[in-house]
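Bear in mind that the values in this text are calculations on the coordinates, not laboratory data. Since this is a predicted model, take the numbers as computed values, not measurements. Ideal geometry is used to build each Cβ from the backbone, glycine not excepted, and the neighbour counts take in all protein chains shown.
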Amino acid sequence: AINPKVTVTFYPYDVTVSVAETTKLLKTIFASLKTIDLLINGAGILDDYQIERTIAVNFTGTVNTTTAIMEFWDKRKGGPGGVIANICSVTGSS
C-alpha cells in the first residue's frame, strides 16, 4: 500500500519436494513475473518424533530451493542474480 509500484506475491510451496519439482514451480513463477529479486527461505520445524522430516524441511529444503533458483539467477549463465534471505530454522545450519 505504501508503494503501489512494488508487487509482492506469495506462492504456497512444499520445501520437501525435489529440485526438479522446485524448478518446475520456478518456471511457472518466472513465466508469470518475468523476474524475482528476492527469495526468502523461511520454512522451519522441530519435531523430535520426526527427525527425517525436520531435516527435510530445515536443511534439504533450503539447499534444494537455493539450488533450483540458481538455474534462473546464475550470472555466469547470463542470469540477473538475486538475493537469498535465509530466515529458516537454526537447525538447518547445524
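Before moving on, here are some points about what is shown:
- Complete set of residues in the stretch 41-56 that are under 21 Å from VAL8 (Cα atoms) and surrounded by fewer than 16 Cβ atoms within 10 Å (Cβ to Cβ): GLY42
- Single match in LEU38, LEU26, LEU33 (criterion: surrounded by fewer than 10 Cβ atoms within 10 Å (Cβ to Cβ), among the aliphatic types (A, V, I, L, M) and in contact (Cβ under 8 Å) with a residue 12 or more places away in the chain): LEU38
- When restricted to residues that are crowded, with 18+ Cβ neighbours inside 10 Å and small (Gly, Ala, Ser), the stretch 57-82 contains 2.
- GLY61 being out of contact with any strand residue (DSSP E or B) (no Cβ under 7 Å at 6 or more places or on another chain), assigned to a loop (DSSP other than H, G, I, E, B) and not hydrophobic (A, V, I, L, M, F, W, C): no
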